[in-house]
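A short worksheet on the structure shown next.
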Amino acid sequence: MKKRPIATIVNFCSNESRFINATLTQALQFSRQVIVPTCDHFFDGTEENRALLEQVYAAFPTCLFIEYPFFPDKIPRKLWKKIDPAHFWHSLSRLVGYSHLNEDIETVLFIDADEVPDGKRFSNWLDCSDYMQHTALKLANYWYFREPSNQAEHLEDTIVLAQRRALDHEILLNQNERDAIYNLLPGPKRRHVTDCEGLPMFHHYSWVRTQEEMLKKVRSWGHKFDRDWVTLVNEEFSAPFRGTDFVHGYTYKSVKPSFDIHLGPPSFEPKGSPQFKRLANEEVLKLIKAERRWNFLDFKRLFQR
């Protein structure tokens, strides 16, 4: 397939390991560059699974993995007034990825490791769409719960595709994460974008997990204080799937899984020397404090059609 000047930035931690093979394999079909930022700790402060991370790095030598430190005590306090710590690290991951784009990249796709693209369908859409005429697009996705065969009858649009010329530090390091990228950029913009046949091109497996993995997710993610997630997860797994989820209350239909997202220990085979970069504390602080310096050419590129 043709690889356009598109970079895919994939937020990743080892609790998403069962999805990463499908996500990166599909993204490599259409992306000229794939960047995978990850933190050396989970966002609740517990240490990452070092052995599993290194297995993933070696399994995808054509992707760039960038590991950054978790050091909340070093983050400038004034920043917490602008962005809640619960959302800061997710946004920082995308900023880290953005800061390592190759010079020839024009468009950036922001996905999480559990949002698997249909590489062929997305590549075909790139051929027939006018995506370059939009500053930002929110792309429709299917949503799944507990098993990859449980597909919600409601579609979401969490994935964002944006033109690089319009992005900057302030937009990426934002309380509202990817919604901010879409909401703060100027038009033209469009939501709920499907392919040329009217079908979603992404599959969101966020809640397709074992009970243990789901508990790890709700204890370490940015929304952990929103609800009593631990009780909800334990209640969910006290019985077979009831046909609705406790997150949104969607109803479901049974489908044939589009990818091999099996609920078992993931395994990875090394395929070469990994592209890996570990950022020091000072590098991250410098990145956080960076400011966009606009000039005439910046504005000209921003509003080009």
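Which of the residues that make up the stretch 149-177 are assigned to a strand (DSSP E or B) and either under 18 Å from the mean Cα position of the chain (by Cα) or under 29 Å from Asp104 (Cα atoms) (or both)? If the condition is that a residue be assigned to a strand (DSSP E or B) and either under 18 Å from the mean Cα position of the chain (by Cα) or under 29 Å from Asp104 (Cα atoms) (or both), then Glu156, Asp157, Thr158, Ile159, Val160, Leu161, Ala162, Gln163 are the ones that fit.
Among the residues of the stretch 66-102, the ones that are assigned to a helix (DSSP H, G or I), within 30 Å of Lys3 (Cβ to Cβ) and open to solvent by 30 Å² or more (accessible area, probe 1.4 Å) come to 2 in all.
Among the residues here, Trp125 does not qualify as part of a strand (DSSP E or B) and either among the aromatic types (Phe, Trp, Tyr) or under 19 Å from the mean Cα position of the chain (by Cα) (or both). Among the residues examined, Arg227 qualifies as over 21 Å from the mean Cα position of the chain (by Cα), modelled with pLDDT under 95 and over 20 Å from Tyr131 (Cβ atoms).
Being among the small types (Gly, Ala, Ser) and open to solvent by 30 Å² or more (accessible area, probe 1.4 Å) is the filter; apply it to the stretch 150-205 and report the residue that is farthest from Trp89 (Cα to Cα). If we take residues in the stretch 150-205 being among the small types (Gly, Ala, Ser) and open to solvent by 30 Å² or more (accessible area, probe 1.4 Å), then Gly198 is farthest from Trp89 (Cα to Cα). Out of Glu170, Glu147, one residue alone is more than 17 Å from Gln33 (Cα to Cα) and in contact with a Lys or Arg (Cβ under 9 Å, 6 or more places away or on another chain). It is Glu170.
Comparison of Lys120, Lys82, Lys74 shows that the only residue that is in contact with a Leu (Cβ under 8 Å, 6 or more places away or on another chain) and in contact (Cβ under 8 Å) with a residue 40 or more places away in the chain is Lys74. For the stretch 267-292: of the residues being open to solvent by less than 40 Å² (accessible area, probe 1.4 Å) and more than 30 Å from Lys82 (Cβ to Cβ), which is farthest from the chain's Cα centre (by Cα)? Taking the candidates together, the pick is Gly272.
Can you pull out the residues in the stretch 233-245 that are of a type outside the set (D, E, K, R), out of contact with any strand residue (DSSP E or B) (no Cβ under 7 Å at 6 or more places or on another chain) and open to solvent by 40 Å² or more (accessible area, probe 1.4 Å)? Across the stretch 233-245, the qualifying residues are Asn234, Phe237, Ser238, Pro240.
The values are calculated or read from the model by the stated rules, or taken from the named source; none is laboratory data. No experiment lies behind these values; they were computed from the predicted model shown. Cβ sites come from the backbone with ideal geometry, for glycine too, and all protein chains shown count toward neighbours. Areas reflect the complete protein model, heavy atoms only, side chains present, ligands, DNA and RNA absent. Shrake-Rupley method; radii C 1.70, N 1.55, O 1.52, S 1.80 Å.
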